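Computed from the coordinates by the stated procedures, all read-outs in this text should not be read as laboratory data. Quick caveat, the model's predicted, so the values are computed rather than measured. As a convention, Cβ positions derive from the backbone with ideal geometry for all residues, glycine included, and neighbour counts pool all protein chains shown.
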């Protein structure tokens, strides 16, 4: 999974099927990818899904999407989104709030050691 911040993205992950011999229906995350593409003006079609990958077409260009990625990783893989790595040091509890509220961490001033972003910093930013 790619670590990073992506504007407007929800942190969702693909859950593997317990029957690897079966073709499975598109996952919720794959359908969210379709919605994201169409919102950006792209045509998007899901042609096949397997346990760990899907064949999709974005503006009639074929892609094999790795379903072990989260939604942001899938979107980056097909070129809909560029993920910017987080350069600040962020505590895990602060990161949960940042992802939950879709905040760009570069907008938050950290008050921890060496400017580390703490949960209280995110809470103060949200006020």
Given a Förster distance of 25 Å, report the FRET efficiency between residue 66 and residue 102 from their Cβ-Cβ distance, rounded to the nearest 0.05.
0.60
Mind ranking 63-75, 99-111 by how tightly packed they are, going by the mean number of other C-beta atoms within 10 angstrom, highest first?
63-75, 99-111
